[in-house]
Each structure stands twice: as C-alpha cells, then as structure tokens.
Amino acid sequence: MTDMCCCVPEAGSALCEQPAPELMRRSISPGTCPCCGERGKPVQGQTVKSLLAISLRTVRDVQYHFCRRRDCPVVYFSDDGQQQFVTSDIRELVYQKEPDTDQVQVCYCFGYRAGALRAASAAERDSIIADINAGIQASQCACDLRNPQGSCCLGNVRAFGRQRTAALAVNSEA
Ligand SMILES: [Zn+2]
C-alpha cells in the first residue's frame with residue numbers, strides 16, 4: 001500500500017474513525033478521500049449498507065462517497081472525511097481496487113469476473129456486453145445494491161475490453 005495513506009490496510013473502520021490529527025489535516029474539502037486526497041463519487045446510503053460486511057450500526061445518516069483510486073484502501077468515506085470503510089469492511093472484492101484479480105467481478109449483477117473477461121475473445125466480450133444490455137433492458141440489474149461503485153458496470157466492462165484489445169495489439173507488435 002502507499003505511504004500516502006493514513007490507515008494501514010488491516011485497519012478496521014473503528015480505527016479509522018479516530019480523528020487523528022494527520023487525518024484532520026488531510027481532509028481538504030468535503031467529498032475528498034481523507035486517505036488519498038482524490039475526489040470521491042457520491043453513493044447512496046443503500047449502496048453502503050448493502051456492501052458492508054460489518055454491522056450497519058456504524059452507518060450514519062450522512063453522504064458517503066466511493067474512492068476509485070486503486071492504491072487507496074478506502075472504499076467509502078463520509079462527506080466530512082471522519083469515517084472510512086476500507087476494502088476488508090466490504091462484502092465483495094472491489095473491481096477498482098484490484099482489477100488484476102481474476103475472481104473480482106466487473107459486472108456484479110450478472111457475475112462477469114475479470115478473469116473470464118480477460119480470457120474472452122473480442123467477439124465473446126461483445127456478446128457479454130450484449131447480455132448485460134439485455135439484462136438492463138429487462139430491469140434485472142441492481143447496480144445500486146450490488147456494485148460497490150453504486151452504479152452500472154457497463155462503462156467498466158467496455159473500458160476493460162478496450163484495454164484488453166490495446167494490450168493484445170501491443171503484444172502482437174512485439
Ligand atoms: Zn482514497
């Protein structure tokens with residue numbers, strides 16, 4: 001983990017809730033991750049509640065944000081930066097935090113994992129995207145309750161495919 005972080009990866013949210021002077025100094029503005037300083041993406045309370053593996057008694061009625069930064073252990077933080085939930089507090093592996101892990105889901109509603117997407121041909125990835133689209137059309141998705149980012153995975157799946165195509169092109173030139 002990065003030395004930019006204010007909390008060790010093993011630290012639970014209880015530890016992180018302590019208003020350490022270091023942490024206070026680093027929470028620059030509301031909505032900014034107190035750990036890495038990156039702007040978070042606002043998420044609904046129900047997303048945080050669905051994804052937490054720990055007691056929901058810790059959840060407050062405040063705005064939470066999702067930190068997308070890969071090398072930051074914080075997944076959710078409160079608007080004021082005083083409360084953080086790290087990867088070990090979350091029920092699922094978080095795609096943005098470990099995109100190279102085969103078992104991590106890219107699409108949390110229909111269960112497409114990074115390993116399978118990586119192994120798929122371009123045509124197979126197209127049919128996966130078609131399957132996800134069909135699921136969305138049929139209102140079978142529940143991104144706000146299943147995807148840690150609290151929104152649709154489709155952009156991530158498309159970007160994953162583009163990166164994969166680019167990586168293969170580089171390899172075949174070499
Ligand atoms: Zn962060």
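Couple of notes before you dig in:
- Residue in the stretch 63-82 that is more than 16 Å from the chain's Cα centre (by Cα), within 18 Å of GLY150 (Cβ to Cβ) and not assigned by TED's automatic domain parsing to the domain that holds GLN149 present: yes
- Residues that are over 16 Å from ASN147 (Cα atoms) and in a loop (DSSP other than H, G, I, E, B), drawn from the stretch 47-58: ILE54, SER55
- Hey, VAL157 in the same structural domain as LYS49 (by TED's automatic domain parsing), β-branched (Val, Ile, Thr) and on the phi < 0 side of the Ramachandran plot or not: no
- Residue count for the stretch 117-174 satisfying the condition of being in contact with a Gly (Cβ under 8 Å, 6 or more places away or on another chain) and of a type in the set (Lys, Arg): 1.
The values are calculated or read from the model by the stated rules, or taken from the named source; none is laboratory data. Keep in mind it's a predicted model, so treat the numbers as computed, not measured. Every residue, glycine as well, gets a Cβ built from its backbone with ideal geometry; the counts of neighbours run over all protein chains shown.
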